[in-house]
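No value in this document is a laboratory result; all are computed from the given coordinates. Being a predicted model, the structure only gives us computed values, none of them experimental. Note that each Cβ is placed from the backbone with ideal geometry, even for glycine, and that neighbours are counted across all protein chains shown.
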Amino acid sequence: MPQSAPYTAPLTILMCGGSTIGGGYALDNCVSTQPDVANPVWTIERMPSPRVLPCIAALPDGTYLIANGAKHGVAGFGLASDPNLNAVLYDPTKSVHQRFTIMANTSVARLYHSEAITMADGRVLISGSDPQDGQHPEEYRVEVFTPPYLLSGLPRPDFTITNKDWSYGQAVQITVTAGSTANLKVSLLGVVTSTHGNSMGQRTIFPAVSCGGNTCTITAPPNNKVCPPGWFQLWILDGPTPSMAKYVRIGGDPAALGNWPNLPGFTKPGI
């Protein structure tokens, strides 16, 4: 769930959907907990419909899109049926049991091997499905879901940034080139995709930001426990409307993943 500066609130973990043992009836609930508190408990919430193999995509305003999957069965080739065609929005700022909003339906079944990824324009790319069940084809069609914040008709904010390689706790300046800074918020989303019921490295972070004129200073997250090192989408929000994302790296490259071989004819990748 989203973390906000100064990062003193306990981390909350959310898990949605799944299936029952043996019968393969999909679950219609999400559960959340705070594993770092002294006596953690589980909070259960009912989804609008059952879902196994869900894809959950974090959005720049702190909400989450839940899509894809099935209403019956389990993960695996040919083991899920009755596709769940509805998209659901989950808003953790609302009261428990009032956080789900039913969104649009699709006509494309997305079962095993489906994906959801938040693109730099704020829409969600929905793709995949290779159920091998004899009923639904291997899916080559790709869809995009447009969240409500892009349907308001409000103009997008925009910004420029020079420093895209951040150290923990560093003060980083951006210049706002469109939109108001009066109530500006900044969010960071881990660069991930949701697939097979998982989204490894998913993070939603709202760092501290202060503005003077059209220049704003963002304070990078303080350490690798709040923010594991890696690439993030950086957004600014003017009210509900996000900018286009820009990609930044936070915490360096401790695993030396960028140490590409120096070989003849090999062009090093990178941004």
Relative contact order of the stretch 3-149 (C-alpha contacts under 8 Å, at least 6 apart) in percent is 16 percent
In whole Å, largest first, the alpha carbons of the stretch 158-250 cover along the principal axes 43, 26, 19
For the stretch 117-222, listing GluC sites (Glu not before Pro) in a DSSP loop whose Cβ sees at most 16 other Cβ atoms within 10 Å gives E138
About its Cα centre, the chain carries a charge dipole, from +1 on Lys and Arg Cβ atoms and -1 on Asp and Glu Cβ atoms, whose size in debye to the nearest 20 is 440 debye
Note: probe point = Cα of L257 + 7 Å toward Cβ; backbone nitrogen < 15 Å; residues of the stretch 216-234 passing the test are 227-233
Once Lys and Arg are counted +1 and Asp and Glu -1 for all other residues with Cβ under 10 Å from that of A26, the total becomes 0
Relative contact order in percent for the stretch 158-250 (Cα pairs under 8 Å, 6+ apart) equals 35 percent
Residue-ordered couplings for the stretch 52-62, obtained by feeding phi - 60° into the Karplus form 6.51 cos²θ - 1.76 cosθ + 1.60 and rounding to whole Hz (Gly and Pro as x), are 10, 6, x, 10, 10, 10, 6, 10, x, 8, x
Connecting every pair of Cα atoms under 10 Å apart in the chain and solving the GNM, the largest mean-square fluctuation among P35, P48, P240 falls on P35
Ignoring chymotrypsin sites (Phe, Trp or Tyr not before Pro) buried by more than 12 other Cβ within 10 Å or outside DSSP loops, the longest site-free run in the chain is 141-265
Taking every other residue with Cβ under 14 Å from the Cβ of P228 and scoring Lys and Arg +1, Asp and Glu -1, one gets +2
Per principal axis, largest first, the Cα atoms of the stretch 1-100 extend in Å by 46, 30, 23
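Can I get the semi-axes of the chain's equivalent ellipsoid? Compute them from the C-alpha gyration tensor as square roots of 5 times the eigenvalues, in angstrom, largest first.
33, 23, 20
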Here the net charge surrounding H113, from other residues whose Cβ is less than 10 Å away from its Cβ (Lys, Arg +1; Asp, Glu -1), is -3
Once the in-chain neighbours fewer than 8 apart are removed, the lysines whose Cα is under 22 Å from K94 read K185
Mean separation of Cα contacts under 8 Å (at least 6 apart) over the residue count of the chain, i.e. the relative contact order in percent, is 16 percent
